[in-house]
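The values are calculated or read from the model by the stated rules, or taken from the named source; none is laboratory data. The model shown is predicted, which means the values in this text are computed figures rather than measured ones. Here the Cβ positions follow ideal geometry from the backbone for every residue, glycine too, while neighbour counts run over all protein chains shown.
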Amino acid sequence: MPLLSCITTTFNDGPLLMTSVESLLAQAFEDFELIIVDDGSSENTRAILDTLSDPRITVIRQANDGLSSARNRGLSQAKGDYICFLDADDSRPAWAFATIARDIEHHAPDLILCRGALSEVRDAPFCFYDTPQFEKLETHCPQGTLDTDTPDADVVRSLAYLAEPQSANKVVRRAFLEENGLCFPNTHFFEDVFFHVNALARSRKTRFLQTPCFTYFRRYSRPQITAGSGDRRFDIIPVTRLTLETFARTPYFDDRRQRAAVLCACMKLLTWCGSTIGHGNRPHFWQLTHAMCRLVDPGYFAISDSMFDELSIPEDVRKRVRGIVNAF
């Protein structure tokens, strides 16, 4: 069995699919399998998949059922001791798997969170969006390990909740996923925040890698879930409710700092979706958001300005939380 399973999903990505595939086949560490789940692509993408002959690659085809379903299909077929993800149009540097494998060998964690890079217009490189969070994690957790012996573990875990809920920044032990029944919520987009929060809340040992191990390409010439202003923005509302309800059933819900961090992690996405959805849908978006917030545990909204400051919550997110509290 390989040490690593990398799951990539594709839906009509065409030649861009090779961005991820080529970066993975160029890894210095070779003990991995690549599972590509074709989520009902058209002939162009299927033809590219048919050219892949590396024995480490397994292609699974299914009728179009969405990103979460495709990732869950990959999870069900993965054989590696650890599982990671990479979107079809993103990449990993050649050192990524070797760096991850060394950390697994030395620490055997349930979960690894790693830094990333951002490629913008004309391939200009930048730090990924959550770089400030990883810098704070390095300050509060210099040894890079979050477990029961970590000083100020509640602070460290709270900072980790506020890292970007990006699938590529995680490496998860397969047995840990199976023990906890962790997967992605089918039928919904913006599924990453649910997986992110639940993995962190259940991990007994989490490692933070300060070495960038993926590159996210922000593309302006093709449709991405994070681009546009369509109705898919509404999916963040039920995903937020699901995330808050499942976290409320964990022991960490009693810690007000962690409770606030999870709320703000979700509210950050809600605020972004509400500001980018089409103007005609914005009143309905926020009406539904307020209605959803009335259905979750009110303990989430017992949050003070000092807690906002402690967690360095952006002002637009603070205003949105205050607005919801005042509406109650």
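Things worth noting here:
- Of all residues making up segment 67-119, the number that are closer than 21 Å to GLU30 by Cβ and free of Cβ contacts under 8 Å to residues at least 40 places away in the same chain: 3
- Scan of segment 56-85 for residues that are in contact with a Cys (Cβ under 9 Å, 6 or more places away or on another chain) and either modelled with pLDDT under 95 or over 15 Å from LEU182 (Cα atoms) (or both), ordered by number: SER68, GLY80
- Selected residue [touching a Phe, Trp or Tyr at 6+ places or on another chain (Cβ under 9 Å) and surrounded by fewer than 20 Cβ atoms within 10 Å (Cβ to Cβ)] from ILE60, ILE100, ILE104, ILE112: ILE104
- Within segment 62-95, being part of a strand (DSSP E or B) and under 18 Å from the mean Cα position of the chain (by Cα) holds for TYR82, ILE83, CYS84, PHE85, SER91.
- Checking SER23 against (1) in a helix (DSSP H, G or I); (2) farther than 22 Å from LEU111 by Cα; (3) free of Cβ contacts under 8 Å to residues at least 40 places away in the same chain, the condition it does not meet: (3)
- Applying the condition of being of a type outside the set (D, E, K, R) and under 17 Å from the mean Cα position of the chain (by Cα) to segment 138-159 and asking which residue is farthest from LEU24 (Cα to Cα) yields SER158.
- Among the residues of segment 173-203, those identified as closer than 15 Å to ARG73 by Cα and among the aliphatic types (A, V, I, L, M) are LEU177, LEU182.
- Which numbered condition MET1 fails, given (1) at pLDDT 95 or above; (2) not in a strand (DSSP E or B): (1)
- Candidates in segment 142-165 are the residues that are among the polar types (S, T, N, Q) and surrounded by fewer than 21 Cβ atoms within 10 Å (Cβ to Cβ); of these, the one that is modelled with the lowest pLDDT is THR148.
Quick grid of which residues meet (1) surrounded by 13 or more Cβ atoms within 10 Å (Cβ to Cβ); (2) closer than 27 Å to PHE134 by Cα:
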| residue | (1), (2) |
| --- | --- |
| ALA261 | yes, yes |
| LEU270 | yes, yes |
| HIS284 | no, no |
| GLY299 | yes, no |
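- Any pair with Cβ under 8 angstrom, 6 or more apart, that starts in segment 122-149 at a residue that is of a type in the set (Gly, Ala, Ser) and ends at one that is in a loop (DSSP other than H, G, I, E, B): GLY144/GLN210
- Under the condition of being on the phi > 0 side of the Ramachandran plot and either part of a strand (DSSP E or B) or among the aliphatic types (A, V, I, L, M) (or both), the residues counted in segment 100-134 number 1.
- Selected residue [at pLDDT 95 or above, in contact with a helix residue (DSSP H, G or I) (Cβ under 7 Å, 6 or more places away or on another chain), among the aliphatic types (A, V, I, L, M) and surrounded by 13 or more Cβ atoms within 10 Å (Cβ to Cβ)] from ALA265, ALA248: ALA265
- Among the candidates ARG173, ARG157, residue that is more than 30 Å from ASP65 (Cβ to Cβ), among the basic types (Lys, Arg) and either in contact with a helix residue (DSSP H, G or I) (Cβ under 6 Å, 6 or more places away or on another chain) or touching a residue at least 24 places away in the same chain (Cβ under 8 Å) (or both): ARG157
- Of the residues SER167, SER119, SER91, the single one that is polar (S, T, N, Q) and within 17 Å of ASN198 (Cβ to Cβ) is SER167.
- Note on segment 173-200: among residues that are on the phi > 0 side of the Ramachandran plot and surrounded by fewer than 16 Cβ atoms within 10 Å (Cβ to Cβ), the one that is modelled with the highest pLDDT is GLY181.
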